[in-house]
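What follows is a set of notes on a single structure, which appears directly below.
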Amino acid sequence: MTATFDIELRVLSCEKCGAPFDAPPDGGSVACSYCGVVMVVGERRLAAVRPAHALEGPARIAKLRMASGRPLPENPYSTVTPPPGCEGLTQAGLRPVLDQLAQRFREAVALVRVQPTFDHQRLLWWCATQLNQGYGMHGEHRSRRGVLERAIEEVSDPGFRHLLFVNLAGAAARFGELDAAREWIAKCDPSAEDIVLDSGYRIGLAGVLACSGEHAAALDVVGARSGEVPEAHQYRMMFAVYRIHAFEALGRLAEALAAAREMGRDPIVGHLVGEALRLNELAPRTRAALGSPA
Ligand SMILES: [Zn+2]
């Protein structure tokens, strides 16, 4: 039995070398088994993200819609704009970039401890999300987990913690640890008032539901048509990918193909829809149909 993402375990990245290690839930001194450094860790900080909301129900959705369907380069929770000084670190799949990101992440942890400003927290979070991607591409799942959980413990901003829980849920689901994935996604804020936080949550939840075979529920989360639920512009391809997969898995192949063709008309990323389905290992029949003349 695998337990890489088990929520009962506490896995953190080493402060000195970045290697993942098991930490005691109540804290104490731990020696890294890779570099030998002795670290003092505090109590585990795993509280769910439950901020107070000013808007609920239709008012919340109406506010989200106002920010739907257009790029949001200024949104602090968008991964599209790197923090200052990180512009060259966006290719996390490349080993030298991954190593630089790991170094930058450890520096960010130290910065946040001295001065927990929003910008320092954003730097730490951004590095963690890039490392999550890069380690995922290299199949280094325990490193991935250690960095994400370390980041959750080091930042206090509810939005960053929410997105890190989404990442852990997604990583666990893709790795086949569905019980863990459900527990991580339950730590997120299910009714965020920011469009990027809400869309990130919908994509993470759709991923967990898709892996669990709950396709009708996944379709509800991403909407049966583009725009049925508010969509952050940067996530539009992932909304389409989970919509197409849910239709196909429900036996609604014509609707799956129609959704794929609709996404295909996007002027910027439309040509990548088949590739996005392939990378996420979703909707094989629709992918095959897209590859042949209509
Ligand atoms: Zn170490």
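Please work out which residue is farthest from Gln234 (Cα to Cα), limiting yourself to the range 77-97 and to residues that are aliphatic (A, V, I, L, M) and outside any helix (DSSP H, G or I). Per the stated criteria, the residue is Leu94. For the range 123-146, a residue qualifies if it is buried (at least 22 other Cβ atoms within 10 Å of the Cβ) and either modelled with pLDDT under 95 or among the basic types (Lys, Arg) (or both), and the qualifying residues are Arg144, Arg145. When Ile61 is tested against (1) at pLDDT 95 or above; (2) within 16 Å of the ligand (Cβ to nearest atom), exactly one condition is not met: (2). Filtered by the rule that a residue be small (Gly, Ala, Ser) and over 18 Å from Leu272 (Cα atoms), the range 233-261 gives Ala246, Ala249, Gly251, Ala254. Just to be sure, is Glu228 under 18 Å from Ile195 (Cβ atoms), charged (D, E, K, R) and surrounded by fewer than 16 Cβ atoms within 10 Å (Cβ to Cβ)? So Glu228 fits the description; yes. Close Cβ contacts (under 8 Å, 6 or more residues apart or on different chains) running from residues in the range 137-159 that are within 9 Å of Leu12 (Cα to Cα) and without any contact (Cβ under 8 Å) to a residue 24 or more places away in the chain to residues that are surrounded by 17 or more Cβ atoms within 10 Å (Cβ to Cβ) and of a type in the set (Gly, Ala, Ser) comprise Leu148/Ala128; Leu148/Ala171. Criterion applied to Leu148, Leu123 was being farther than 14 Å from Leu46 by Cβ and part of a helix (DSSP H, G or I), and the one residue passing it is Leu123.
Val49 - would you say it is touching a residue at least 40 places away in the same chain (Cβ under 8 Å), farther than 17 Å from Val147 by Cβ and not charged (D, E, K, R)? It is true that Val49 is touching a residue at least 40 places away in the same chain (Cβ under 8 Å), farther than 17 Å from Val147 by Cβ and not charged (D, E, K, R). What number of residues within the range 179-225 are buried (at least 22 other Cβ atoms within 10 Å of the Cβ) and of a type in the set (Ser, Thr, Tyr)? Here the count works out to 2.
Only one of the listed residues (Gly159, Gly176) is over 17 Å from Ala23 (Cβ atoms) and not in a helix (DSSP H, G or I). That residue is Gly176.
Would it be correct to say that Ala246 is touching a Leu at 6+ places or on another chain (Cβ under 6 Å), buried (at least 21 other Cβ atoms within 10 Å of the Cβ) and small (Gly, Ala, Ser)? Here the answer is yes, as Ala246 does meet what is asked.
For Val114, state whether it is at pLDDT 95 or above and crowded, with 24+ Cβ neighbours inside 10 Å. No; evaluated as a whole, the condition is false for this residue. If you go through the range 5-56 and keep only what is crowded, with 17+ Cβ neighbours inside 10 Å, away from the ligand (no atom under 16 Å from the Cβ) and farther than 14 Å from Ser143 by Cα, you end up with Ile7, Val49.
The values are calculated or read from the model by the stated rules, or taken from the named source; none is laboratory data. Since the model is a prediction, treat every value here as computed from it, not as a measurement. Cβ coordinates were reconstructed from backbone atoms using ideal geometry, including for glycine residues, and neighbour counts include every protein chain displayed.
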